[in-house]
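Peer 1: Next up is a structure, given as structure tokens.
The values are calculated or read from the model by the stated rules, or taken from the named source; none is laboratory data. Being a predicted model, the structure only gives us computed values, none of them experimental. Glycine also receives a Cβ, built like all others from the backbone with ideal geometry; neighbour counts cover every protein chain displayed. Accessible surface is based on the protein model in full, side chains and every heavy atom, while ligands, DNA and RNA are left aside. Shrake-Rupley method; radii C 1.70, N 1.55, O 1.52, S 1.80 Å.
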Amino acid sequence: MLLASWPTDSAGTMDMNDAPDMFDTLRKFDLGNGRQGRFYSLPQLEKSGVGPVSRLPVSLRLVLESVLRNCDGKKVHESNVKELANWKSTETRTAEIPFIVARIVLQDFTGVPLLVDLAAMRSAVQRLGKNPKIIEPLVPVDLVVDHSVQVDFAGSADALKKNLELEFQRNRERYQFLKWGMQAFDTFKVVPPGIGIVHQVNLEYLAKGVLSCPDARPQTPDPIFYPDTLVGTDSHTTMINGLGIVGWGVGGIEAEAGMLGQPVYFLTPDVVGVHLTGALREGVTATDLALTVTQMLRMAKVVGKFVEFFGPGAAALPVVDRATIANMAPEYGATMGFFPIDEECVNYLRATGRSEEHCRIYENYYRAQGLFGVPKKGDIAYSQELELDLGAVLPSVAGPKRPQDRIELPKLKESFIATFSKPVTENGFGMKPEELGRTSAEVSMNGHVRAKIGHGSVLIAAITSCTNTSNPSVMLAAGLLAKKAVERGLGVNPVVKASLAPGSRVVSDYLNRTGLQPYLDQLGFNLVGYGCTTCIGNSGPLAAPVEDAIHKHNLVAASVLSGNRNFEARVHQSIKANFLMSPPLVVAFALAGRVDIDLAHEPLGIGADGKPVLLKDIWPSLREIRDLMQTALQPEVFRKLYRDFAAQNPKWNEIPSSTGNVYEWDRKSTYIQEPPFFENFSMQPGSIAEIKGARALAIFGDSVTTDHISPAGSIKKTSPAGKYLIANGVQPADFNSYGSRRGNDRVMTRGTFANVRIKNLMVLGVEGGVTKYQGGCDASSQTQTSGEGAVATMSIYDAAMKYQEAGIPLVVIAGQEYGTGSSRDWAAKGTNLLGVKAVVAQSFERIHRSNLVGMGVLPLQFKEGTSAQSLKLDGTETYDIIGLGANLKPQQDLILRITRTNGQTESVSVRCRIDTPVEIDYYRHGGILPYVLRQLVAKA
Ligand code: SF4
């Protein structure tokens, strides 16, 4: 097996390879520097007759390399190699692939709780009288602090400085804890706040493309090279697929297991090939392409599949455009949106400051593997092939509630007008049509500027998200558009909260060097931070008069952002219509001030010369952008800015750090607490038993997101989490966000299902985390009288605690796509800590399903045609889950028995969505963490 350490040479080095060469595939290749390296040769595997490897999709061959290299007969078996080498483009998928990744990336919202779990495991090991150091990441882990910065200040020259100061004030305890982690674990590194966004930092700096380790066998002294692969605790880890690197988002729980030497298991996927031809036309951006691909692939139902782009159109796209498309894989539902390795990848590595020697090794390695170059039609047998002519892509936006709802730019006006009065059930706003032109409010800003706002007014305009800020072509386009707008005398209404938050300091470098930043500043797009900001919902407050006007007039106001998600309440709790678009369009809509506008025909505003200015008048040409691109990518700038972060970050240096291998938990901390997952931990796993007499904690409709289940944004003072914080001496001004409190299970359990927009169908007409507590009795004997045990409406947390006290298990019932959205392990952890034993849904999002199993919660799926509605469930019933036992099999059918208040029972068949044999083990052990901990302690 491979033990990894932080890369130390140009190619990145791991400690040692001592896996046996079971298929005799170790071969030599020329490193291009007079030396030779070794590699597990896929062409050799094919020559040996194991399977038609060269016909496999490139992404699968990269996974196969990991399976082959790590094949030791224990964690990875010969059969795993043979099965994958003989992958068929279409067949029923039952085999799981044990994938040992080369490294792991984390962001701080998910990384802090993961470090809390590692610290809790060390405490548990210490309590068992063993050496806590047995808990140590076995592959390199990089955490980038990017999710915590909020846009409290915007539109001023000092916004960056002030936001950073507030960030450090709010997050001091978390950052102290991260510093403890850096000294306690050998393979855990942190990129501090103010440097960039995880996926952009990964693309520009962390990714090596190829890694190496010394060979443990004395007779083979040359180092062994292997592909850079990873998983990350953020859905958009797929951005790295744009650089030909296999990687995707997993739950924090899976990442922890991966870190501790467990393979990441996944069902053998279908691979959808997307054949790209042609080239983008003048006026069309990579963002337009990404939105088009998102819509097209959503319709093609690629959920849980690999997507691989190929053909001449793919080969002609630069890596930065590929990365923008790959980043949105979670939005189109694919596990990956992969682009193969080619000359463009080498160019990108070179342009971003990777050494010449490394670039040569990279190219030679992939050539030796037969993996260099974008495949042409007919080279590979994909499960399904789709066609896209890049020349047919049109300027687009997506929204107002889902990223896959693409709208051609000229049609936005009519689309907004139609959505305004469409029923909520059809993704509309359910307003009366006549309200549209009528309700507007005059607000006074800064005490003197008066402005009118109404339905469709743009109130947030954010150049945000690594999706786009990693792409210099769209960032430069935004700067050029701003320059032309300023030169024509246009301005942005002060009610629009504009912001610019790039994913790396390289962006500022080139926006300054090209002289474009001052024009963005003049329009209010001052730099507010290097982090996720609006993309994750950290938009900060709106001006008080604006906020008041929205609520007083019940306005359907809009945000425009270059992000990738626009689910309800994600961008800002008061903004209902959220449109995704390219950075230059964000600037354009900020200038226009509204979304009910046809930018093909209506002017953005009136220029200084009194003439109307149309979008086409100030839209930069491809040539103008291309000319500036040369300035954008300078290798020495990348090398300078990605060197010695600590020295460049005095605020980080000021944070004190505690020392020691075991964390000293501070019971008074409201940020970091020891979670109860290993309380009373014993070496004996439990048993799998039927669930009897469960109550419904909630019944949900379709598309409940992980943000509905475990919100990342602000904490209401009247919510259970808010009350807890106040009781612990935290003022509402210092609440910070749920995302930043994920190191404290007390806050997070109270915050589970606490999204202000979640709709529990047990309490019709009410939004927010409430339920009907059904009392402690069984359904058939339930009374409706007052007093202890009677039916009462209360917060989901309070009801769950009452059920826990009464020893009553809970279930959650849901519709389609349960757990869609960002990977969020607290959505599963909180569900577990509320006492929910099973979630019964019509379908599950991939990561959330696996997180539920990872936390010992049973995911069950209704059969086609069955749902809460078809069964007329209202939450007054009790539920039994029959068929669970020691012999439980993956995807086995079980019985859900429903007992109604009148005593009638009904039994329906449900599919157990524990999908793989190893997941059965996780479930039996009460989750992945107890499973891994028992293994490690047993070995110690
Ligand atoms: S900018 Fe957006 S997509 Fe990128 S890591 Fe942050 S939240 Fe995820």
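Peer 1: Say we look at segment 609-628 and pick out the residues that are in contact with a Pro (Cβ under 6 Å, 6 or more places away or on another chain) and surrounded by fewer than 17 Cβ atoms within 10 Å (Cβ to Cβ); which of these is farthest from G489 (Cα to Cα)? Before you say what the answer is, go through the steps one by one.
Peer 2: First, the residues of segment 609-628 that are in contact with a Pro (Cβ under 6 Å, 6 or more places away or on another chain): 612-614.
Of the ones still in play, those that are also surrounded by fewer than 17 Cβ atoms within 10 Å (Cβ to Cβ) are 612, 614.
On the way: P612: 11, L614: 13 Å.
For segment 609-628, the residue satisfying everything is L614.
Peer 1: Can you tell me which residue in segment 159-178 is farthest from the ligand (Cβ to nearest atom), limited to those that are open to solvent by 40 Å² or more (accessible area, probe 1.4 Å) and under 16 Å from P502 (Cα atoms)?
Peer 2: K161
Peer 1: Moving on to the next point. From S415, S421, S396, which residue is touching a Lys or Arg at 6+ places or on another chain (Cβ under 7 Å) and open to solvent by less than 40 Å² (accessible area, probe 1.4 Å)?
Peer 2: Numbers: S415 fails: touching a Lys or Arg at 6+ places or on another chain (Cβ under 7 Å); S421 fails: open to solvent by less than 40 Å² (accessible area, probe 1.4 Å).
On inspection, the qualifying residue turns out to be S396.
Peer 1: Which fully enclosed helices (runs of 4 or more DSSP H) of segment 290-388 have 1 or more residues being out of contact with any strand residue (DSSP E or B) (no Cβ under 9 Å at 6 or more places or on another chain)? Give the derivation first.
Peer 2: On the way: elements: 312-316, 319-327, 329-332, 343-351, 356-368.
Fully inside segment 290-388 and qualifying: 319-327, 343-351, 356-368.
Peer 1: I've got another one for you. Across segment 235-259, what is the total count of residues that are of a type outside the set (A, V, I, L, M, F, W, C), within 16 Å of the ligand (Cβ to nearest atom) and modelled with pLDDT of 90 or more? Please lay out each step first, then the result.
Peer 2: The first filter runs over segment 235-259 and keeps only residues of a type outside the set (A, V, I, L, M, F, W, C), leaving 235-238, 241-242, 244, 247, 249, 251-252, 254, 256, 258.
From what is left, the residues that are within 16 Å of the ligand (Cβ to nearest atom) are 235-238, 241-242, 247, 249, 251-252.
If we keep only those that are modelled with pLDDT of 90 or more as well, we get 236-238, 241-242, 247, 249.
So the answer is 7.
Peer 1: Additional query: Looking only at segment 322-330, decide whether some residue is over 21 Å from the mean Cα position of the chain (by Cα) and either buried (at least 20 other Cβ atoms within 10 Å of the Cβ) or β-branched (V, I, T) (or both).
Peer 2: Residues of segment 322-330 over 21 Å from the mean Cα position of the chain (by Cα): none.
Checked against the condition, which is being over 21 Å from the mean Cα position of the chain (by Cα) and either buried (at least 20 other Cβ atoms within 10 Å of the Cβ) or β-branched (V, I, T) (or both), segment 322-330 yields no hits at all.
Peer 1: Please note which helices (runs of 4 or more DSSP H) are completely contained in segment 463-543 and include at least 1 residues that are within 16 Å of the ligand (Cβ to nearest atom) and charged (D, E, K, R).
Peer 2: Working: elements: 466-469, 472-487, 505-513, 517-522.
Passing ranges, in order: 505-513.
Peer 1: Taking V139 as the residue in question, decide whether it is at pLDDT 95 or above and in contact with a strand residue (DSSP E or B) (Cβ under 6 Å, 6 or more places away or on another chain).
Peer 2: no
Peer 1: Out of A120, A124, I need the residue that is in contact with a helix residue (DSSP H, G or I) (Cβ under 7 Å, 6 or more places away or on another chain), part of a helix (DSSP H, G or I) and under 30 Å from D707 (Cα atoms). Which one?
Peer 2: Numbers: A124 fails: under 30 Å from D707 (Cα atoms).
When all the criteria are applied, what remains is A120.
Peer 1: Further question: Which number in (1) in a loop (DSSP other than H, G, I, E, B); (2) within 16 Å of the ligand (Cβ to nearest atom); (3) modelled with pLDDT of 95 or more; (4) not β-branched (V, I, T) marks the one condition that A154 misses?
Peer 2: Going through (1) in a loop (DSSP other than H, G, I, E, B); (2) within 16 Å of the ligand (Cβ to nearest atom); (3) modelled with pLDDT of 95 or more; (4) not β-branched (V, I, T) one by one, A154 breaks only (2).
Peer 1: When you scan segment 225-234, how many residues do you find that are within 12 Å of the ligand (Cβ to nearest atom) and aromatic (F, W, Y)? So that I can check it myself, show each step before the final result.
Peer 2: If we filter segment 225-234 for residues that are within 12 Å of the ligand (Cβ to nearest atom), which is where we start, we get 232-234.
Applying the additional criterion that residues be aromatic (F, W, Y) yields none.
So the answer is 0.
Peer 1: Taking segment 571-599 only, how many residues are among the small types (G, A, S), surrounded by 24 or more Cβ atoms within 10 Å (Cβ to Cβ) and part of a loop (DSSP other than H, G, I, E, B)?
Peer 2: So the count comes out to 1.
Conditions (1) away from the ligand (no atom under 16 Å from the Cβ); (2) over 29 Å from S703 (Cβ atoms); (3) among the β-branched types (V, I, T), marked per residue:
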site: I407; (1), (2), (3): yes, no, yes
site: K411; (1), (2), (3): yes, no, no
site: T425; (1), (2), (3): yes, no, yes
site: G428; (1), (2), (3): yes, no, no
site: T439; (1), (2), (3): yes, no, yes
site: I460; (1), (2), (3): no, no, yes
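Peer 1: Next up: Checking the condition in contact (Cβ under 8 Å) with a residue 24 or more places away in the chain, out of contact with any helix residue (DSSP H, G or I) (no Cβ under 7 Å at 6 or more places or on another chain) and open to solvent by 10 Å² or more (accessible area, probe 1.4 Å), which residue from T905, T901, T878, T866 passes? Write out each step before concluding.
Peer 2: Numbers: T905 fails: in contact (Cβ under 8 Å) with a residue 24 or more places away in the chain; T901 fails: out of contact with any helix residue (DSSP H, G or I) (no Cβ under 7 Å at 6 or more places or on another chain); T878 fails: out of contact with any helix residue (DSSP H, G or I) (no Cβ under 7 Å at 6 or more places or on another chain).
Going through T905, T901, T878, T866 in turn, the sole match is T866.
Peer 1: Restricting attention to segment 635-653, report how many residues are without any contact (Cβ under 8 Å) to a residue 12 or more places away in the chain and either farther than 18 Å from V144 by Cβ or open to solvent by less than 50 Å² (accessible area, probe 1.4 Å) (or both).
Peer 2: Going through segment 635-653 one residue at a time, the tally reaches 2.
Peer 1: Oh, and also: Take R298 and decide whether it is within 18 Å of the chain's Cα centre (by Cα), in contact (Cβ under 8 Å) with a residue 60 or more places away in the chain and open to solvent by 20 Å² or more (accessible area, probe 1.4 Å).
Peer 2: It is true that R298 is within 18 Å of the chain's Cα centre (by Cα), in contact (Cβ under 8 Å) with a residue 60 or more places away in the chain and open to solvent by 20 Å² or more (accessible area, probe 1.4 Å).
Peer 1: Can T268 be described as in contact with a Lys or Arg (Cβ under 9 Å, 6 or more places away or on another chain) and of a type in the set (S, T, Y)? Talk me through it step by step, then tell me what you get.
Peer 2: Working: in contact with a Lys or Arg (Cβ under 9 Å, 6 or more places away or on another chain): yes; of a type in the set (S, T, Y): yes.
Spelling it out, T268 is indeed in contact with a Lys or Arg (Cβ under 9 Å, 6 or more places away or on another chain) and of a type in the set (S, T, Y).
Peer 1: Pick from segment 555-570 the residues that are within 15 Å of the ligand (Cβ to nearest atom) and not small (G, A, S): which of them is surrounded by the fewest Cβ atoms within 10 Å (Cβ to Cβ)?
Peer 2: Selected residue: F567.
Peer 1: A follow-up question, please. Inspect segment 445-457 for any residue being open to solvent by less than 40 Å² (accessible area, probe 1.4 Å), within 16 Å of the ligand (Cβ to nearest atom) and either assigned to a strand (DSSP E or B) or touching a Phe, Trp or Tyr at 6+ places or on another chain (Cβ under 9 Å) (or both) and give the result as yes or no.
Peer 2: Just the residues of segment 445-457 that are open to solvent by less than 40 Å² (accessible area, probe 1.4 Å), to begin with: 445, 451, 453-457.
Those still in the list that are within 16 Å of the ligand (Cβ to nearest atom) too: none.
No, that holds for no residue.
Peer 1: For segment 179-211, give me the residue count where each residue is over 20 Å from the mean Cα position of the chain (by Cα), aliphatic (A, V, I, L, M) and surrounded by fewer than 24 Cβ atoms within 10 Å (Cβ to Cβ).
Peer 2: So the count comes out to 2.
Here's the yes/no breakdown for (1) at pLDDT 95 or above; (2) of a type outside the set (A, V, I, L, M, F, W, C); (3) open to solvent by 10 Å² or more (accessible area, probe 1.4 Å):
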| position | (1), (2), (3) |
| --- | --- |
| T705 | no, yes, no |
| I709 | yes, no, no |
| P720 | yes, yes, yes |
| Y724 | yes, yes, yes |
| A727 | yes, no, yes |
| A733 | no, no, yes |
| Y738 | no, yes, no |
| G743 | no, yes, no |
| T752 | yes, yes, no |
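Peer 1: If I filter segment 129-138 for residues that are among the small types (G, A, S), in contact (Cβ under 8 Å) with a residue 24 or more places away in the chain and either surrounded by fewer than 24 Cβ atoms within 10 Å (Cβ to Cβ) or within 16 Å of the ligand (Cβ to nearest atom) (or both), do I get at least one hit? Please lay out each step first, then the result.
Peer 2: Going through segment 129-138, the residues among the small types (G, A, S) turn out to be 129.
Next, from what is left, pick out any that are in contact (Cβ under 8 Å) with a residue 24 or more places away in the chain: none.
No; the residues of segment 129-138 include none that is among the small types (G, A, S), in contact (Cβ under 8 Å) with a residue 24 or more places away in the chain and either surrounded by fewer than 24 Cβ atoms within 10 Å (Cβ to Cβ) or within 16 Å of the ligand (Cβ to nearest atom) (or both).
Peer 1: Still on this model: For segment 763-775, which positions are touching a residue at least 40 places away in the same chain (Cβ under 8 Å), in a loop (DSSP other than H, G, I, E, B) and open to solvent by 10 Å² or more (accessible area, probe 1.4 Å)? Give the steps one after another, and end with the answer.
Peer 2: Here is the first cut: in segment 763-775, the residues touching a residue at least 40 places away in the same chain (Cβ under 8 Å) are 769, 771-772, 774.
Next cut, in a loop (DSSP other than H, G, I, E, B) only: 769, 774.
Matches in segment 763-775: G769 only.
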